[in-house]
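Below: one structure, written as structure tokens.
The values are calculated or read from the model by the stated rules, or taken from the named source; none is laboratory data. Small disclaimer: the values here were computed from a predicted structure and weren't measured. Cβ atoms come from the backbone with ideal geometry, glycine included; neighbour counts cover every protein chain shown. What goes into the accessible areas is simple: the full protein's heavy atoms, side chains included, and nothing from ligands, DNA or RNA. Shrake-Rupley method; radii C 1.70, N 1.55, O 1.52, S 1.80 Å.
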Amino acid sequence: MSTIFGIPPQALFGQLLLGLINGSFYALLSLGLAVIFGMLNVINFAHGALYMLGAFVAWLLLTTAGVGYWWALLLAPLVVGAFGVLLEKTLLSRLYKLDHLYGLLLTFGLALIVEGIFRHFYGVSGQPYPIPDLLRGGQNLGFMFLPNYRGWVVVASLVVCLATWYAIERTKLGAYLRAATENPVLVQAFGINVPLMITATYGFGVALAGLAGVLAAPIYQVSPLMGSNLIIVVFAVVVIGGMGSILGAVLTGYGLGLLEGLTKVFYPEASNIVVFVIMAVVLLIKPAGLFGRER
């Protein structure tokens with residue numbers, strides 16, 4: 001087989017792999033946004049900055065304390081999650097009874113502040129982060145070469161997304177969370193600490209962003225701009241999947257990543273706008289998104 005639709009197989013599958021990797025980050029980030037919006041009704045515009053923070057925490061752990069990738073994969077999301085808990089307790093908790101717009105403006109301001117602090121200290125140039133020794137090299141699949149680290153990112157993202165979906169949709173804890181969003185007073189009457197549950201949910205959602213940042217660090221350079229470059233696309237993914245829909249965020253993230261990769265092969269000029277074209281079409285046909293519910 002020399003070509004597929006006139007495209008060399010190596011080029012086609014290479015772009016599909018890139019699309020799948022981008023889709024893995026879209027899915028992880030949009031999953032965190034969907035969890036936060038679905039449970040807290042907060043449009044968390046600081047998500048991109050927290051993704052960047054996760055990558056920088058991993059880089060700082062490596063360069064200042066010699067802590068490698070595998071420990072950073074555990075510690076950086078915990079640091080970002082703890083920062084998210086602090087934000088929720090001190091700022092966001094004051095806005096729950098107000099319009100969504102206040103939460104959006106507050107988190108947008110927080111994103112600018114966090115990004116500005118890192119730009120002040122580290123500039124806009126990227127910082128390299130090495131691939132861990134265990135994941136160097138790659139596999140020759142016959143039709144393409146698969147770098148081990150990129151394969152790991154796809155597998156790790158899939159496992160985290162599926163585990164999160166299962167925990168929220170199929171466990172008792174997830175049922176409490178979903179019930180607390182519908183009727184917090186009734187759930188609290190059963191002795192469940194709803195404010196603690198809300199704080200933990202926000203911390204978990206932003207920890208997912210921190211985890212995505214650590215996974216991204218060896219692929220993309222660690223830069224203060226890495227979150228702002230991605231957040232608009234991730235919000236488009238969430239809107240297409242349906243605001244607050246866990247399954248919609250995951251499936252749409254991977255699907256749009258692959259579609260973006262195919263567009264780069266067959267019509268590269270449209271690759272930067274294909275996600276937004278699809279968002280416009282979906283909003284015209286189904287304003288609540290593909291998997292969303294009318295509120």
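What the table shows:
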quantity	calculated
Residue in segment 141-153 that is farthest from ALA216 (Cα to Cα), counting only those that are out of contact with any strand residue (DSSP E or B) (no Cβ under 6 Å at 6 or more places or on another chain) and open to solvent by less than 60 Å² (accessible area, probe 1.4 Å)	MET144
Subset of segment 105-140 [closer than 21 Å to LEU230 by Cα, open to solvent by less than 50 Å² (accessible area, probe 1.4 Å) and among the small types (Gly, Ala, Ser)]	GLY109, ALA111, GLY116, GLY123, GLY126
Residue match in segment 172-190 (condition: farther than 19 Å from TRP71 by Cβ, of a type in the set (A, V, I, L, M, F, W, C) and either outside any helix (DSSP H, G or I) or open to solvent by less than 10 Å² (accessible area, probe 1.4 Å) (or both))	yes
Out of ALA156, ALA163, sole residue that is open to solvent by less than 50 Å² (accessible area, probe 1.4 Å), closer than 24 Å to THR252 by Cβ, part of a helix (DSSP H, G or I) and of a type in the set (A, V, I, L, M, F, W, C)	ALA156
Condition met for ILE113 (out of contact with any strand residue (DSSP E or B) (no Cβ under 7 Å at 6 or more places or on another chain), of a type in the set (Val, Ile, Thr), outside any helix (DSSP H, G or I) and more than 16 Å from TYR202 (Cβ to Cβ))	no
Meets criteria (part of a helix (DSSP H, G or I) and open to solvent by 50 Å² or more (accessible area, probe 1.4 Å)) for LEU86	yes
Members of segment 245-295 found to be open to solvent by less than 40 Å² (accessible area, probe 1.4 Å) and of a type in the set (S, T, N, Q), listed by number	SER245, THR252, THR263, SER271
